[in-house]
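**Q** For reference, the structure I am asking about is given below.
The values are calculated or read from the model by the stated rules, or taken from the named source; none is laboratory data. Values in this document were obtained by computation on a predicted structure and should not be read as measured data. All Cβ positions, even for glycine, are placed from backbone atoms using ideal geometry, and neighbour counts span all protein chains on display. Areas reflect the complete protein model, heavy atoms only, side chains present, ligands, DNA and RNA absent. Shrake-Rupley method; radii C 1.70, N 1.55, O 1.52, S 1.80 Å.
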Amino acid sequence: MGTESYTGRINRKLNKKLRIVEVAAGREKADLVLKNASYVNVFSNEICHGDIAVAEGLIVGMGQYSGETEVDVSGRIVLPGFIDAHIHLESAMVSPREFVKAVLPHGTTTVITDPHEIANVMGADGIEYMLQATEDLPVDVRFMLPSCVPATPMDESGAVLDYRTVDSFYDHPRVQGLAEMMNYPGVIGADPQVIEKIVAAQAHHKKIDGHAPGLVGSDLNAYIAAGVYSDHECFDPADAIAKLERGQFIMIREGTAAHNLQALLPLLTEKYADRCMFCCDDKHPSDLLELGHIDYNVREAIRQGVDPIVAVKVACHHAARYFLLNNRGAIAPGYLADFVVIDNFQDFRILQVFKKGVEMYDGRQVRDFDPPEIDPYLVRRAHDTFHLNHLRAEDFAERRPRGIIGMVPGEITTVDQGYSDRIDPEWDILKIAVVERHKNTHHIGVGYLQGYGLKRGAVATSVSHDSHNIIVVGANEGDMAAAANRVAENRGGIAVVEDGAVLGEVVLAIAGLMSDDTLENVNRDLENAKAAAFQLGVSREIDPFMTLSFMSLPVIPTLRLTTRGVIDVLKQQYI
């Protein structure tokens, strides 16, 4: 294909188009026909009936057709393939190939990913790694380029990406735009280095996604006026409607750490629904295996009384329109033959999934597919991202008063709980530290954490948003050092330690974020590590690792911890 002449390419496409027309007109047999289908028509907002014909990976018509392969779907409902409007693939803790195997049975056929997790570790090499690792997978993986690497200048990541570094990636056919602009203080404050990223994306006629929890008034006006088109951080209808009324699209998020679906279901009415999409943002393996993906959002919305057709449109058509993916999100001539076949709207069991007319899930298992080829240099680079000295208890023995980060149950926001100069598990005051691991700077930020519940030992993880240094919380400094050292020895992951002994661990050797193992094995190790964390007293109201990982994200109010200390997010200053 790389050496194909322009004329040869045109002739190949012409022959393909001619066949599509012949099949659509009924003069040739289709490759696939779903016979006797009842399907959701996202344009007329009704259930329509007829055969659905597929040729060359596209839907060519509905009506009466014959095909080389015919599948009778009588008594079932056919939906367009689902689209996740905003996700970080790295949060699944497995390779993109394993992620695809996990979400196909849940009807997902397209995802829009932001690789800012791996970009914070590897810079532009991380973006290139993910592009190669997702090439030609049976779920279309589209990209939004990271906007905040690091999230703010107060963070310390493995790379710094300005607009020049990522500009060439806009030419990639799977890049849709600029990912969540988390540095909303920089936008509102008219920081030239922040604004130039927006200007560059607009110069390429690309979308810019937002991330601005609780922003109101003139600050919200300034943020949107700068060119930010969407938000996935809305936590109640008032917050969402304020943004929606100003023209933003709302991504309704239901992830592992942040659960906003229930609160935002009132948006799914005739008045607001056409500006809404579903996303998960971050999903741990257990949620993908046990609860599902975008299908969970649809199922739960319908159960709560949302019109099924509205719920389906929010799961596919609206995201396709927003991202200008004009050949998906509907069952109509010329659209990709991405189908989800369910039993009914009440039970919403997924029976089959087709991608470009090929059955990829038959109700029992995912059809096998080849892994993408990744440049060996990038593979080596991704497996060598830890550069720090061996840690000792003394490295965490800061005795001066430090800020207490108060966790909020069910949320990733925090509150200011004052100061402490000691660990006191009885009052749920633990020591928390963030250890720089990219460039061996020896920087260790220390603070205190309340609301985690740990009584003994320590928990450490290299998944610590967004710079992905090692974050560790403990009831004593010795176990904190042991847990952080174990994570480094494994080249990334999670460690639960008591009295120096490892009680549970997950190895995440790809950039300290993802595993080379299967989703099932990673989930087994993750659940064992969770059980160990709960045994040490961690509150069962939180996810021990994902919730901890957000305590270092310096763009979500109120207090966070970086490699240099506790910061007030709203003031963007150390306390």
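**Q** Using modelled backbone amide H atoms (1.01 Å from N, in-plane), which distant-in-sequence or interchain residues come within less than 5 Å of MET181's amide H?
**A** Amide H neighbours of MET181, under 5 Å, 5+ apart: ASP209, GLY210, HIS211.
**Q** Another one. With a bin width of 5 angstrom, please list the P(r) values of region 174-253 as percents of all Cα-Cα pairs, from the 0 bin to the one holding the largest distance.
**A** Cα pair-distance distribution for region 174-253, in percent: 3, 17, 31, 25, 16, 7, 1.
**Q** Relative to the first principal axis of the alpha-carbon coordinates of the chain, what is the inclination of helix 192-203, with its axis defined by its Cα atoms, in degrees from 0 to 90 and to the nearest 10?
**A** The angle comes out near 10 degrees.
**Q** So, one more: Under a Cβ-only charge scheme (Lys and Arg +1, Asp and Glu -1), can you give me the dipole magnitude of the chain about the Cα centre, in debye to the nearest 20?
**A** 960
**Q** If one takes the longest principal axis of the Cα atoms in the chain, at what angle in degrees, from 0 to 90 and to the nearest 10, does the Cα axis of helix 477-489 lie?
**A** So the helix axis and the longest Cα principal axis differ by about 40 degrees.
**Q** Using modelled backbone amide H atoms (1.01 Å from N, in-plane), which distant-in-sequence or interchain residues come within less than 5 Å of GLU70's amide H?
**A** VAL33
**Q** Okay, next question. Tell me, what is the per residue accessible area of region 418-575 in Å², probe radius 1.4 Å?
**A** 32
**Q** Taking 8 Å as the Cα distance limit and 6 or more residues as the minimum spacing, I'd like the relative contact order of the chain as a percentage.
**A** It rounds to 14 percent for the chain.
**Q** Still on this structure, I have one more. For ASP236 and ARG27, what does the FRET efficiency come to when R0 = 51 Å and r is the distance between their Cβ atoms, rounded to the nearest 0.05?
**A** Calculated transfer efficiency: 0.40.
**Q** Using a 1.4 angstrom probe with every protein chain in place, what is the largest-first accessible-area order of LEU220, LEU503?
**A** LEU503, LEU220
**Q** Can I ask one more? Roughly how many Å² is the accessible area per residue of region 53-163, as a whole number, for a 1.4 Å probe?
**A** 23
**Q** Measure out, as a whole number of angstrom, how far apart the alpha-carbon centroids of region 523-575 and region 80-145 sit.
**A** Cα centroid to Cα centroid, the span is 24 Å.
**Q** Shifting gears a bit: Dimensions of the chain along principal axes (Cα, Å, largest first)?
**A** 81, 51, 49
**Q** Would you tally the net charge around ASP236, using a Cβ to Cβ cut-off of less than 13 Å, leaving ASP236 out, and scoring K and R as +1, D and E as -1?
**A** -2
**Q** Provide the gained length on full extension for the span ASN11 to GLN304, in nm with one decimal, where the gain is 0.36 nm per separating residue minus the Cα-Cα distance.
**A** 100.3 nm
**Q** Which order do ASP525, ASP466 take by accessible area at a 1.4 Å probe, largest first?
**A** My answer, sorted largest first, is ASP525, ASP466.
**Q** In sequence order, what are the phi-derived ³J(HN,Hα) couplings for region 81-88 according to the Karplus relation 6.51 cos²θ - 1.76 cosθ + 1.60 with θ = phi - 60°, rounded to whole Hz, with x for glycine and proline?
**A** x, 7, 10, 8, 6, 6, 8, 10
**Q** Within the chain, what whole-number % of the accessible surface is contributed by carbon and sulfur, with the 1.4 Å probe and all protein chains included in the calculation?
**A** The value for the chain is 48 percent carbon and sulfur by accessible area.
**Q** Separate question: Give me the distance in nm between label points sitting 7 Å out from Cα along the Cα-to-Cβ direction at VAL199 and ASN45, one decimal.
**A** 4.2
**Q** Right, next: Starting from the 7 Å offset along Cα-to-Cβ, what nm value, one decimal, do you get for the label separation of ASN440 and ALA263?
**A** 4.4
**Q** If you don't mind, another one. For region 201-290, report the accessible area per residue in Å² (1.4 Å probe, heavy atoms, rounded to an integer).
**A** Roughly 35 Å² per residue, with all protein chains present.
**Q** Please report the spacing between the Cα centers of region 35-77 and region 283-341 in Å, no decimals.
**A** When both Cα centres are located, 18 Å separates them.
**Q** Okay, next question. Taking H placed 1.01 Å from N in the peptide plane, check which residues at least 5 places from PHE369 or on another chain put their amide H under 5 Å from its amide H.
**A** Here nothing satisfies the definition.
**Q** What is the angle, in °, between the Cα long axis of helix 294-303 and the longest principal axis of the Cα atoms in the chain? Nearest 10 is fine, range 0 to 90.
**A** The two axes meet at around 80 degrees.
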